[in-house]
Amino acid sequence: MAEEHGSESTERGRPRSAADRRGRRSEPAPSGAEPRGTAVRDKKHPEKGSLPSRVMRYLREVVAELRKVIWPSREQLVTYTIVVLVFVSFMVALVAGLDFLFGLGIDAVFGNQ
């Protein structure tokens with residue numbers, strides 16, 4: 001039947017989203033409560049640090065974002081790759097066929113000189 005709401009992972013036990021990975025569930029806000037938004041920063045522009053500290057902060061944020069990514073499984077990756085290759089092959093064949101037909105049409109209209 002339907003999957004239980006409390007179970008937020010796939011049949012392999014992998015979380016569906018980054019929020020599920022962190023143990024949060026998307027539940028509606030209680031009635032009368034204000035919706036939770038993004039926290040407002042105290043300062044409009046954070047203080048600029050030195051170049052090395054800004055680079056380190058950037059790298060820490062990149063790593064934090066990469067931890068939120070749910071990477072595809074090997075089977076999904078193979079499937080997606082095959083789908084992309086088939087689609088690209090079809091499009092190449094379509095464009096080559098149209099190019100050939102338009103070439104024949106141009107030759108018929110203007111003739112070989």
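For segment 48-72, the set of residues classified as surrounded by 10 or more Cβ atoms within 10 Å (Cβ to Cβ), of a type in the set (Gly, Ala, Ser) and not in a helix (DSSP H, G or I) consists of Gly49 only.
Checking the structure you have, find out if any residue of segment 73-87 is at pLDDT 65 or above and loosely packed, with under 10 Cβ neighbours inside 10 Å. The answer is yes, given that some residue of segment 73-87 is at pLDDT 65 or above and loosely packed, with under 10 Cβ neighbours inside 10 Å.
The values are calculated or read from the model by the stated rules, or taken from the named source; none is laboratory data. Predicted model only: the values in this text are computed from it and were never measured. Please note: Cβ atoms are built from the backbone with ideal geometry, for glycine as well, and neighbour counts cover all protein chains shown.
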